[in-house]
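Here's the structure, in structure tokens; my notes come after.
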Amino acid sequence: MEFSGFSKKALPFLKEIKNNNNKEWFAAHKSEYEEYILNPSRAFVQEMGEHLQALEPTINAIPKINKSLYRIYRDSRRMGANKTPIKERIGVIFWQGNNKRMQSSCFYMHFSSEELMVAVGVRWFEKPMLDAFREYIKDDDKRSELQKILTTIKNKGKGYTHLEKGYKRYPRGFSAEMSNADLSLYKGMATFKTFDPKIIENGEELIQKLYEVYEDMLPLQQFMYEVSLRVKED
């Protein structure tokens, strides 16, 4: 299936979910979800995946639920989770390597009726990834390399930014006297940018915009992939 963009009805449909977030309403409108969201998402993964594999041949682009696509139903059983049953934004992930998709360096995007967000890296660290990240950046040269990557991306002047620090105290092995020690205070390491969500309606423009962002942020993808190779699972 060729990707020509998402339907102009996709964003209004997501707004309808926001206004009618219950399983009964969604069941009655499931065919619209498949037409406006799910089928175009599968086509998008195939086409965008081919472009990304030109940047990184080992990128995973699998147009299936629980692979590059996410379930539309939210897992509300987790502590602190959003308790509404249906997700109001649509995420797509292209991850690199054999680790869990959310704990591998990835090219990511999501869209809702309010925004399109494009990101690269790892949005939050589970303990094995956090340990690998901290161990990797104990090296002065690696911290310097990562800081240079973040600064270079931000200085492109395209509105790119990165996650804020999540911890206040330096972990073991780091101190304020070390250069770029603040990098050890992050709970995730990703850069991102937001766009007007209507871009999704023009397939060519969407692919072009995302490819430009992903190419600009490629050095962070490569750095975090090196981190992921050092993850030690329990």
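Measuring against 30 Å, Cα to Cα, the residue pairs 127/198; 83/232; 168/193; 67/138 contain 127/198; 83/232; 67/138 as the ones spanning a longer distance. Using the Cα gyration tensor of region 156-234, with a ≥ b ≥ c the square roots of its eigenvalues, what is the shape: rounded (a/c below 1.5), prolate (a/b larger than b/c) or oblate (neither)? Verdict is prolate for region 156-234.
Given their separation in residues at 0.36 nm each and the Cα-Cα distance between them, residue 175 and residue 187 gain 2.6 nm when the chain is fully extended. The listed peptides 105-113, 124-132, 171-179, 213-221, ordered by packing as a protection proxy, come out as 105-113, 213-221, 124-132, 171-179 (highest mean of other Cβ atoms within 10 Å first).
Quick one: helix 39-55 against the long Cα principal axis of the chain, what's the angle to the nearest 10°, folded into 0 to 90? With rounding to tens, the tilt is 30 degrees.
Compute the Cα gyration tensor for the chain, then decide on rounded, prolate or oblate, letting a ≥ b ≥ c be the square roots of its eigenvalues: rounded whenever a/c is under 1.5, prolate when a/b is larger than b/c in the other cases, and oblate in all that remain. Prolate, because a/c is 1.5 or more and a/b exceeds b/c.
Backbone phi angles across region 175-188, fed through the Karplus curve with coefficients 6.51, -1.76 and 1.60 (θ = phi - 60°), yield HN-Hα couplings of 8, 4, 6, 7, 5, 6, 5, 4, 5, 6, 8, 8, 8, x Hz in residue order; Gly and Pro are listed as x. Taking only protein heavy atoms and a 1.4 Å probe, the accessible area of the chain is 45% carbon and sulfur. Amide H contacts of residue 96 (H built 1.01 Å from N, in plane; Pro and chain starts excluded): 60, 105 sit under 5 Å, all sequence-distant by 5 or more or on other chains. Principal-axis analysis of the Cα atoms of the chain puts helix 10-19 at an angle of about 90° to the longest axis.
Principal-axis analysis of the Cα atoms of the chain puts helix 140-154 at an angle of about 40° to the longest axis.
By DSSP, the beta bridges lying fully in the chain are antiparallel in about 95 percent of cases.
Label separation (residue 65 vs residue 147): 4.6 nm, computed from points 7 Å beyond Cα along the C-beta direction.
Taken per residue, the accessible surface of region 133-234 reaches 58 Å², heavy atoms only and a 1.4 Å probe.
The values are calculated or read from the model by the stated rules, or taken from the named source; none is laboratory data. What you are looking at is a predicted structure, and each value in this text was computed from that prediction instead of being measured. Using ideal geometry, Cβ is built from the backbone for each residue, glycine included, and neighbour counts are taken over all protein chains shown. Protein only, heavy atoms only, side chains kept; ligands, DNA and RNA dropped before computing areas. Shrake-Rupley method; radii C 1.70, N 1.55, O 1.52, S 1.80 Å.
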